[in-house]
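Scroll down for the structure; my scribbles are underneath it.
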Amino acid sequence: MVSQWIAKIVGVAVLGTLADMVIPSGKLKTFTRFFTSLIALLIIIQPIANFLGDFPQHQGIFLFDSFTGELDSSDIYNRSVETRNKEYIKNIYVSKLEMDIAQRIEKYLPEQEFSVFVTVVETAKEDIYALDKIKIALGERKDIKIAPIGIDIGAKDSINEDMAVLVWGGRDFKELKENLSDTYEIDESRIYIVKG
């Protein structure tokens, strides 16, 4: 193989020299030298081109394994960024949903402190979430009204009926559950109202 390569280089050199002797001086001689040199250069580079033509067999020589590793690490990084972005979007969605539900609950329980917790699940369509359940944790009343009482000596004990009392256990939240169920298209059994 090497002997054939050397023979080609010598052959082009001999033909170039003969053409240079035969052709008279002028523009044609300049073009002949240029093309002879170009052909000689291509013949000299031919083994390198053949070597690169067998590219898959010689990957390791050119450190393509390190490039493959870099591509793999880049792919892993891109997937982790995508996962973080997906979680970020999910958290924003849950946060906004909780705020919206809290505003609706505020209309039903204006004097009650509460917290809203929402659980979402990913649907069959990628990056789309469905509301799974709503949990409303009731706290203390925001402002407890205590009616003034008078103390009469010798009078019977009496309780003022206007006195505000914190009652949540016996409270019926059916209307609130129906409203949330209709608004967010969730079954009432998936809406939980608990104390604290």
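Each reported figure results from applying straightforward, stated rules to the coordinates on display, with no laboratory input. Keep in mind it's a predicted model, so treat the numbers as computed, not measured. Methodologically, a virtual Cβ is constructed for each residue, glycine included, from the backbone with ideal geometry; neighbour enumeration extends over all protein chains shown.
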Completion exercise
Most exposed to least, judged by fewest other Cβ atoms within 10 Å, 99, 21 sort to 21, 99
Exercise for the section: Give the order of 176, 41 when sorted by the count of other beta carbons within 10 angstrom, beginning with the fewest. Expected result: 41, 176
Fill in the blank from the handout: region 80-142 and region 12-55 have their Cα centres apart by a whole-number Å value of 76
Exercise for the section: List 97, 180 from most exposed to least, where exposure is judged by having the fewest other Cβ atoms within 10 Å. Expected result: 97, 180
Problem - For region 2-58: rounded, prolate or oblate by the Cα gyration tensor [a/c cutoff 1.5] - result: oblate
Fill in the blank from the handout: Mean separation of Cα contacts under 8 Å (at least 6 apart) over the residue count of region 2-58, i.e. the relative contact order in percent, is 40
Problem - ³J(HN,Hα), Karplus 6.51/-1.76/1.60, whole Hz, each residue of region 38-47, x for Gly, Pro - result: 5, 5, 4, 4, 5, 5, 5, 7, 3, x
Exercise for the section: Just need the relative contact order of region 64-136 here, percent rounded to a whole number, with Cα pairs under 8 Å and 6+ apart. Expected result: 22
